[in-house]
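To start, the structure itself, in structure tokens.
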Amino acid sequence: MLLVARNVEKSFPSADGPVAVLRGIGLDLCAHETLALTGESGSGKSTLLHLIGGLDAPDAGSILVDGHDIANMGDKARAKMRRETVGVIFQQFNLIPSLNVSDNISFQARLAGRHDPAWDDTLITRMGLGAHVHKFPEQLSGGQQQRVAIARTLAARPALVLADEPTGNLDEQTADAVLDIMLQLVAETGAGLLMVTHSQRLAKRMGRRVHLRAGHVV
Ligand SMILES: Nc1ncnc2c1ncn2[C@@H]1O[C@H](COP(=O)(O)OP(=O)(O)O)[C@@H](O)[C@H]1O
Ligand SMILES: [Mg+2]
């Protein structure tokens, strides 16, 4: 099992005291599996994704990624997991403005010690970015930036890909095209994919679906 989350709880402070966002989440995901995570705005989808990606720590529970509990490990081990095992694709792209497309794409793979120029070229071609490799993020459309962000994540060959509404900023037609390529490439790498989406239409394209409601996965 690639991902095993058990009894994951997370609260945030508010003026009226702590608000429990996640109240005991359980979630499993295998390699080669694609899972959609849906839920209303504010239901805690991004919070859960951040916990699984080791970007934040839960108040309770365990999150085994590739057999290692990312919820309960030291900063150094967590940073290593984030570099080498988990790849996160954000809705806001989060590209590095000072690097061109080519260098953005190889950035995480280099950090992971897994830079493979031939695989970069494959990703660039398949994502239709061949004419843009020397451009900087600000010179690209939203759809192009998102394809760079997806390529950057896949370039490092993470075992687990987490995507937070990766096509949420794109029009429907572009969103479908980007999701198509992403699903094909993820399948080729054998990674597991957990994708947050608002869209039932996109969720239906995934192998399995779970819904987040009132702090629980149903
Ligand atoms: N860092 C934070 N500090 C305080 N409250 C937060 C923080 N992150 C998220 N929240 C709150 O937790 C709830 C879930 O947020 P989020 O996970 O972003 O929901 P979703 O991604 O499903 O829209 C919201 O009420 C949000 O305001
Ligand atoms: Mg969110």
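Between R209 and A187, the simple label model (points 7 Å from Cα in the Cβ direction) yields a spacing of 1.9 nm.
Do the sum for the chain: with -39,500 (n - 2.57) for every DSSP H run of n ≥ 4, divided by all residues, what is the mean residue ellipticity at 222 nm, to the nearest 500 deg cm²/dmol? Spell out each step's value before the answer.
Numbers: 7 runs with 75 residues, N = 218.
The helix-only estimate for the chain comes to -10500 deg cm²/dmol at 222 nm.
For the stretch 99-125, backbone nitrogen atoms closer than 19 Å to the point 7 Å from E138 Cα along Cα-to-C-beta are found at 99-105.
Working from label points 7 Å from Cα in the Cα-to-Cβ sense, the H115 to S199 distance is 3.4 nm. You can think of it this way: the chain between R6 and K76 has 22.9 nm of extra reach, that is 0.36 nm per residue less the Cα-Cα gap. Across the stretch 104-110, coupling constants 3J(HN,Hα) worked out from phi with the 6.51/-1.76/1.60 Karplus curve, θ = phi - 60°, read 4, 5, 7, 4, 6, 5, 5 Hz, and Gly and Pro carry x.
Please state, as a whole number in µm²/s, the translational diffusion coefficient that the Stokes-Einstein equation yields for the chain at 37 °C and 0.692 mPa s, with Rh defined as the Kirkwood radius across alpha carbon pairs.
On the way: Rh = 17.6 Å.
Once the numbers are plugged in, D ends up at 187 µm²/s.
Measuring with a 1.4 Å probe in the full set of protein chains, what accessible area per residue, in whole Å², belongs to the chain? Mind showing how you got there, number by number?
Working: 9920 Å² over 218 residues.
On a per-residue basis, the chain sits at 46 Å².
Roughly how many percent of the accessible protein surface of the chain is carbon and sulfur, given a 1.4 Å probe and a whole-percent answer? Here carbon and sulfur together make up 49 percent of the probe-accessible area. Put simply, the amide H of L2, placed in the peptide plane, has neighbours under 5 Å in L29, C30, A31, leaving out anything fewer than 5 places away on its chain.
For I89, what charge total do you get from the other residues with a beta carbon under 12 Å from its beta carbon, if Lys and Arg give +1 and Asp and Glu give -1? Walk me through the intermediate numbers first.
Values: positive: R147, R152; negative: D164, E165.
Taking every other residue near I89 into account, the sum is 0.
For A177 and A15, calculate 0.36 nm times their separation in residues minus their Cα-Cα distance, and state this gained length in nm to one decimal. Please report the intermediate quantities before stating the final value.
Values: separation 162, 0.36 × 162 = 58.32 nm, distance 4.29 nm.
Using 0.36 nm per residue and subtracting the Cα-Cα distance, I get 54.0 nm.
Distance between the pseudo-spin-label points of H32 and L99 (7 Å out from Cα toward the beta carbon): 3.2 nm. Applying 0.36 nm per residue to the separation of E40 and A131 and subtracting their alpha-carbon distance, the gain on full extension is 28.9 nm. Of interest is the spacing of the C-alpha centroids, which for the stretch 95-143 and the stretch 25-76 amounts to 27 Å. When the pairs K76/K204; K10/K80; K10/K76 are compared against a 32 Å limit on Cα-Cα distance, K76/K204 fall above it.
The values are calculated or read from the model by the stated rules, or taken from the named source; none is laboratory data. Quantities reported herein were computed from a predicted structural model and do not represent experimental measurements. For neighbour counting, all protein chains shown are included, and Cβ atoms are generated from backbone atoms with ideal geometry for every residue, glycine included. All accessible areas refer to the heavy atoms of the entire protein, side chains included, with ligands and DNA or RNA removed. Shrake-Rupley method; radii C 1.70, N 1.55, O 1.52, S 1.80 Å.
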